[in-house]
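Chemist: One structure, as structure tokens, below. Some questions next.
The values are calculated or read from the model by the stated rules, or taken from the named source; none is laboratory data. Everything quoted here is computed from the prediction, not taken from an experiment. When we count neighbours, we look across all protein chains shown, and the Cβ atoms used for this are built from the backbone with ideal geometry, even at glycine. Each accessible area value is taken on the protein alone, full model and side chains, heavy atoms only, with ligands, DNA and RNA left out. Shrake-Rupley method; radii C 1.70, N 1.55, O 1.52, S 1.80 Å.
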Amino acid sequence: MSVPFLDLRIQYKALREELLPGIETIMANAAFVGGPALREFEESFANYCDASHVVGVGNGTDALHLAIRAAGIGPGDEVITAANTFVATVEAIVLAGATPVLVDMERETYHLDLQQVEDRIGPSTRAIIPVHLYGDPVDMDPVIELCGRHNLILIEDAAQAHGARYKGRPCGSMGDLAGFSFYPGKNLGAYGDGGAVATSSEEMAARVRAIGDHGSAKKYSHEMLGTNSRLDAIQAHILTVKLRHLDDWNRSRRAHAASYREGLAGLDWLTLPLIREGHEPVFHLYIVRTERREKLERVLKSAEIAYGFHYPVPVHLQPAFLELGKGKGSFPEAESAASEILSLPMFPELKEDQIEQVCEALRSVD
């Protein structure tokens, strides 16, 4: 029996009857952009994230880009973020006209090395973007303290952390702004692209909305250079329906992670995700690490078990970012992890016998 990495069709079949009436209403009313469906989702998700405001935008990259611009960050400013994030985090900084400053990760957590962050803060630094990578919350208290001490803006990259909590606080509620992605494979995913910015600042929310609507807070009055980035009504409705199920889905992911941990215990050649007190991860991805990755790949392929690499090439070694001037060896922990990590199947509907099949395959690696 093959094991998929992700199967979105199972979820759709379960939600079909709940989803379709609202889509029919939107189609019948031709209310495709804005309108009640969008307002309902923005209010529901703001409440879920413990944020005062949520603004739906076109995708997760736009969410970060618009958050950065709404904070007044642009040319001449520097923004510190992770070398081992997905390229969109850094892309958003560049699109806003600012300069990304990358730092290496902590080996055990895959998160920002805060000592390196502090060492890179300079007169042009305006913001820090910590990434809740793989759905595991960053240790936020030290980041918040660091930003406060240096008067820096804190923007959370929560693209993979829908429902994750740090010391009881939802990811997306701890910074000045936060960017979410609703790409279909995310814990809360649309049936197309989508994103949102969460903030407790009314002024920031208004700026995000205006920038995403051609720089216009009032029709045909364009007070700033904007772009076209809006969450459409059908996707907003889909997300509202899915949001009602998100906590249950995240509980399933945590249960699957516990099964993996039990089934893979004792493999001294394999490093499993770190579980930390006060952190409630949502396991968007289940990452393992090994120096035997090529052998592990062969075993998984032979057993018809799907897997992924997140991410095989760090940002600073991507051709698009070579101008940052950070060649091989600049961020040794990020580079080492990129060559050793592998993502195992993880989605709410994953079955226990499928998890056991994955564990059995891994236990056969010598």
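Chemist: Please state which one of ASP268, ASP247 is among the charged types (D, E, K, R) and either touching a strand residue (DSSP E or B) at 6+ places or on another chain (Cβ under 7 Å) or part of a loop (DSSP other than H, G, I, E, B) (or both).
Modeler: Going through ASP268, ASP247 in turn, the sole match is ASP268.
Chemist: Would you point out the residue of the range 180-199, among those that are assigned to a loop (DSSP other than H, G, I, E, B) and in contact with a His (Cβ under 7 Å, 6 or more places away or on another chain), that is surrounded by the fewest Cβ atoms within 10 Å (Cβ to Cβ)?
Modeler: LYS186
Chemist: Which of the residues belonging to the range 168-179 are in a strand (DSSP E or B), open to solvent by less than 20 Å² (accessible area, probe 1.4 Å) and closer than 20 Å to ARG251 by Cβ?
Modeler: Of everything in the range 168-179, just one residue is in a strand (DSSP E or B), open to solvent by less than 20 Å² (accessible area, probe 1.4 Å) and closer than 20 Å to ARG251 by Cβ, namely PRO170.
Chemist: Of the residues that make up the range 115-126, is at least one outside any strand (DSSP E or B), within 16 Å of GLY175 (Cα to Cα) and open to solvent by 10 Å² or more (accessible area, probe 1.4 Å)?
Modeler: No.
Chemist: OK, next. Cβ-Cβ below 8 Å, separation at least six or inter-chain, first residue in the range 1-27 and closer than 25 Å to SER302 by Cα, second polar (S, T, N, Q) and loosely packed, with under 11 Cβ neighbours inside 10 Å: which pairs?
Modeler: none
Chemist: Right, here's the next one. Any residue in the range 323-334 that is within 11 Å of ASP104 (Cβ to Cβ) and among the hydroxyl-bearing types (Ser, Thr, Tyr) sitting within a Cβ distance under 7 Å of a residue that is modelled with pLDDT of 95 or more and surrounded by 13 or more Cβ atoms within 10 Å (Cβ to Cβ)? List the pairs, counting only those 6 or more apart or interchain.
Modeler: Going by the 7 Å Cβ cut-off, the qualifying pairs are SER330/HIS316.
Chemist: So, one more: If I ask for residues that are part of a loop (DSSP other than H, G, I, E, B), open to solvent by 60 Å² or more (accessible area, probe 1.4 Å) and within 26 Å of THR85 (Cα to Cα), which ones from the range 326-366 would you list?
Modeler: LYS326, LYS328
Quick grid of which residues meet (1) surrounded by fewer than 24 Cβ atoms within 10 Å (Cβ to Cβ); (2) under 24 Å from the mean Cα position of the chain (by Cα); (3) not in a strand (DSSP E or B):
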| site | (1), (2), (3) |
| --- | --- |
| ALA28 | yes, no, yes |
| GLU43 | yes, yes, yes |
| GLY56 | no, yes, no |
| LEU66 | no, yes, yes |
| VAL94 | yes, yes, yes |
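Chemist: For the range 155-167, what are the residues that are part of a loop (DSSP other than H, G, I, E, B) and either of a type in the set (Asp, Glu) or free of Cβ contacts under 8 Å to residues at least 24 places away in the same chain (or both)?
Modeler: Hits for the range 155-167: nothing passes.
Chemist: Quick check on the range 250-262. Is at least one of its residues at pLDDT 95 or above, more than 23 Å from the chain's Cα centre (by Cα) and on the phi > 0 side of the Ramachandran plot?
Modeler: no
Chemist: Go over the candidates ASP176, ASP141, ASP136, ASP157 one by one and state the one that is farther than 21 Å from SER201 by Cα, acidic (Asp, Glu) and at pLDDT 95 or above.
Modeler: Testing whether each residue is farther than 21 Å from SER201 by Cα, acidic (Asp, Glu) and at pLDDT 95 or above leaves just ASP136.
Chemist: Does the range 219-231 contain at least one residue that is basic (Lys, Arg), touching a residue at least 60 places away in the same chain (Cβ under 8 Å) and more than 12 Å from ALA67 (Cα to Cα)?
Modeler: Within the range 219-231, one or more residues are basic (Lys, Arg), touching a residue at least 60 places away in the same chain (Cβ under 8 Å) and more than 12 Å from ALA67 (Cα to Cα).
Chemist: Would you please name the residue that is nearest to SER201 (Cα to Cα), looking only at residues in the range 68-89 that are open to solvent by less than 30 Å² (accessible area, probe 1.4 Å) and in a helix (DSSP H, G or I)?
Modeler: Only one residue tops the list, namely ALA70.
Chemist: Separate question: Taking VAL103, is it within 21 Å of SER181 (Cβ to Cβ) and either touching a residue at least 24 places away in the same chain (Cβ under 8 Å) or in contact with a strand residue (DSSP E or B) (Cβ under 8 Å, 6 or more places away or on another chain) (or both)?
Modeler: no
Chemist: Take the conditions in contact (Cβ under 8 Å) with a residue 60 or more places away in the chain and in contact with a Cys (Cβ under 7 Å, 6 or more places away or on another chain) and apply them to PRO137. Does it pass?
Modeler: Taking the combined requirement at face value, the residue satisfies it.
Chemist: Go through (1) open to solvent by 10 Å² or more (accessible area, probe 1.4 Å); (2) closer than 23 Å to VAL54 by Cβ; (3) among the aliphatic types (A, V, I, L, M) one by one and return the number of the condition LEU246 breaks.
Modeler: The one condition LEU246 does not meet is (1).
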